[in-house]
Amino acid sequence: MTPYGLRVERSGARGTVARVVLARPDVRNAFNAELIAALTDTFGSLADEPPSRLRAVVLAGDGPVFCAGADIGWQRAARSLSLEDNEADAGRLHDMLLAVDRCPVPVVARVHGAALGGGMGLCAAADLVLAVAGTRFGFTETKLGILPAVIAPFVLARIGEGQARAVIPPGERFDADRAMSMGLVHVVVPDEAALDARLDAAIAEILSAGPTAARAAKALIRDLRGRPADAAREQVVSVAARQRVSPEGQEGLSAFLEKRAPIWPDDRE
């Protein structure tokens with residue numbers, strides 16, 4: 001069954017690259033309850049796939065913009081919701097962003113046109129954000145008298161308090177260069193052709209890494225958030241040792257010493 005408002009495609013050797021495309025171009029790929037549920041379910045399903053099935057995820061948008069935030073119809077309906085229903089609604093958006101953030105493989109956001117409101121949350125939850133120079137960004141919620149509260153934990157982890165305080169309260173829009181300077185975007189390119197070329201290069205880099213090593217590295221970075229130094233030491237020592245003695249770690253080290261390209265265990269099937 002095709003998820004509501006999404007198009008999911010597979011590419012790469014044995015389909016190990018998933019492309020999750022927001023497919024509501026008529027409303028600028030804006031969120032509503034159904035799209036949020038579809039994204040949550042899709043990323044939940046992807047999280048269950050083993051390294052032999054999934055190595056990377058591309059998050060993109062159909063039409064002229066990546067994601068323009070919340071759907072007007074959804075916002076209109078929210079005006080009549082009770083406090084409890086609004087809390088449940090916000091909780092579902094948070095769970096969707098958490099599903100993206102917890103995706104076990106690198107998530108690459110292909111951003112063009114605009115990323116506003118909740119679209120900024122998707123950028124903050126992704127691992128690598130590639131954007132076209134003309135893209136407009138903005139935490140625009142305060143212009144509507146509301147707050148980007150649900151996306152705030154993901155945004156603060158990405159850009160820090162200092163940058164957040166400069167751009168979130170005024171709700172101003174800004175360009176891709178400023179988004180890159182604050183750490184929200186990693187690479188800015190001149191046009192969509194260059195965007196796709198850079199995306200292909202990024203995926204190639206991910207696929208050249210050990211499948212379990214890439215997953216373990218992402219999990220470690222997430223797990224170390226806010227950890228005390230002693231607890232962090234115990235964890236990183238354990239994770240590093242386990243990966244070194246794993247079949248993948250042994251192959252990677254052997255290939256390096258033998259000056260050849262590694263053949264990861266999953267690629268031998």
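Tabulated values for the structure
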item: Rounded to 10°, Cα long-axis angle of helix 152-167 versus longest principal axis of the chain; result: 60 degrees
item: Kirkwood estimate for the chain, i.e. one over the average of 1/r between Cα atoms, Å; result: 19.6 Å
item: Dipole magnitude of the chain, debye to nearest 20 (Cβ charges: Lys/Arg +1, Asp/Glu -1, about Cα centre); result: 400 debye
item: Area projected by the alpha carbon convex hull of the range 70-133, averaged over all directions, nm²; result: 4.9 nm²
item: Those trypsin sites (Lys or Arg not before Pro) in the range 27-65 that DSSP places in a loop and that have at most 16 other beta carbons within 10 Å; result: ARG53
item: Inter-probe distance in nm under a simple model that places probes 7 Å from Cα toward Cβ, at ARG53 and VAL8; result: 1.0 nm
item: Hull shadow area, averaged, the range 210-268 [alpha-carbon convex hull, nm²]; result: 4.3 nm²
item: Computed lengthening from ALA261 to GLN235, 0.36 nm per intervening residue step minus Cα-Cα distance; result: 6.4 nm
item: Ordering of 157-163, 37-43 by packing [mean C-beta count within 10 Å, highest first]; result: 37-43, 157-163
item: Pairwise label distance in nanometres, ALA217 with LEU147, each label 7 Å out on the Cα-Cβ vector; result: 3.7 nm
item: GNM flexibility winner over the chain from ALA214, ALA204, ALA179 (Cα, springs under 10 Å); result: ALA204
item: Computed helical MRE - 222 nm, the chain, DSSP H runs ≥ 4 contributing -39500 (n - 2.57), nearest 500; result: -15000 deg cm²/dmol
item: Cα shape, the range 1-152, gyration tensor, a/c 1.5 rule; result: prolate
item: Net length gained if the chain between ASP196 and ARG76 were fully extended (0.36 nm per residue, minus Cα distance); result: 39.6 nm
item: Where labels lie 7 Å past Cα in the beta-carbon direction, separation of ALA88 and ALA133 in nm; result: 4.9 nm
item: Three-way shape label, the range 166-269, alpha-carbon gyration tensor, a/c 1.5; result: oblate
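Read the figures in this text as sums done on the coordinates, not as results from a lab. Computed from a predicted structure; not experimentally measured. Don't worry about glycine lacking a Cβ; one is built from the backbone with ideal geometry, like all the others, and counts go over all protein chains shown.
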